[in-house]
Structure formats: structure tokens, C-alpha cells
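Read the figures in this text as sums done on the coordinates, not as results from a lab. This one's a predicted model, so the numbers in the text were calculated from it and none came from an experiment. Glycine gets a Cβ as well: all are built from the backbone with ideal geometry, and neighbour counts include every protein chain shown.
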Amino acid sequence: MTDVYQRVANPYLPLQEAVIVALRADPDLTAKARIYDYIPEDDPGPYVVYETAWLAARDAYRVPADRVWFQLSVFSQYRGYLEVNRVGADVEDVLRRASLDVAGFNVTGVHVIREQSHLTRTPDSRWRRLAITFVCPYVTAGRRSPSPEQGEP
């Protein structure tokens, strides 16, 4: 049986690229923090990292997913959480306003999932981290997902 992820176009990479481009294009944000898709070894911070993404399936009928969840984290060595919260608020603002150009997909918005955003401190207490979870609904360009009654393609 062919896996659902092999049958549909995968939005992970084009979404990651679009998010990074949108964040790096904002001069106010980039004046406060650098933007990465990896955790740098020698950056004193603050910085924002695109960490992970996952598909959210629509239902038990294995109809192709119609939204991607992704997590960005803000890291700072500032003693309190003020800096990560300020940078995190800017990240949220940029992505709320962004019109993401995701190749092969029509993105219908980016939404913050507050219940899954959280503050932590590294075990050595040097770094503060704000993890922000977003959900990004999309429609695959040129394709309609079948209803469960229609069956799989």
C-alpha cells in the first residue's frame, strides 16, 4: 500500500523556505535576532530557529493532510524572558501579516497555537527558549482532496 506522504506533494520544504524568507525580509525582526533553520554553535543570540514540522491528517480515512504544524524557537542569553518574548511577538506578527509563497500550495494563513507555545531554560541556565507552535492550512494547487465517500485517489 502506498503511504499517504508518498502520494501527495510534501509541503515541508517549500513551507520552511517561505517562512525563513518572510522572517528574514522583516528589517525590524532581523535588527533584533538572526534567523536560522539550524541551531548555530557560535551565535550569542538572540536568534530564531525553524525547528520542526508535521502534517495533520484530516480524518481516519487517510485523506491527504490539509495543514502543516511547525515550530519556531527563539533563543536568548538575556537573564530574563523579556528578550525571547519580545522577539517571539515580532515573529508572530511577521507571520500573521505574511503572504507566504509556498510552491505548489495555496496557503490560507498562519495561526499561532498558544496552548502549545512555552518558555523553557536550558539545564545550564545560560539560554532562555520560547517555542512557538504555528498551524498553516493549505490546499494543494490544482488538486482537490476527495471526501471519504469518494475514496482515495
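Charging the Cβ of each Asp and Glu at -1 and of each Lys and Arg at +1, and nothing else, the dipole of region 4-140 about its Cα centre rounds to 320 debye. Close amide H pairs (under 5 Å, H built 1.01 Å from N) link Ser117 with Thr133, residues at least 5 positions away or on another chain. The Kirkwood radius of region 77-122, taken over pairs of alpha-carbon atoms, gives through the Stokes-Einstein law at 20 °C and 1.002 mPa s a diffusion coefficient of 168 µm² s⁻¹.
Taking amide H as placed 1.01 Å from N in the peptide plane, the amide H of Trp127 sits under 5 Å from that of Thr122, each at least 5 places away or on another chain. The value for region 4-140 of Rg(Cα) / (2.2 N^0.38 Å) is 1.09. Across region 12-28, rounded Karplus estimates of 3J(HN,Hα) from the backbone phi angles (6.51 cos²θ - 1.76 cosθ + 1.60, θ = phi - 60°) give 3, 5, x, 5, 4, 4, 5, 5, 4, 4, 4, 5, 5, 7, 8, x, 5 Hz, Gly and Pro being marked x.
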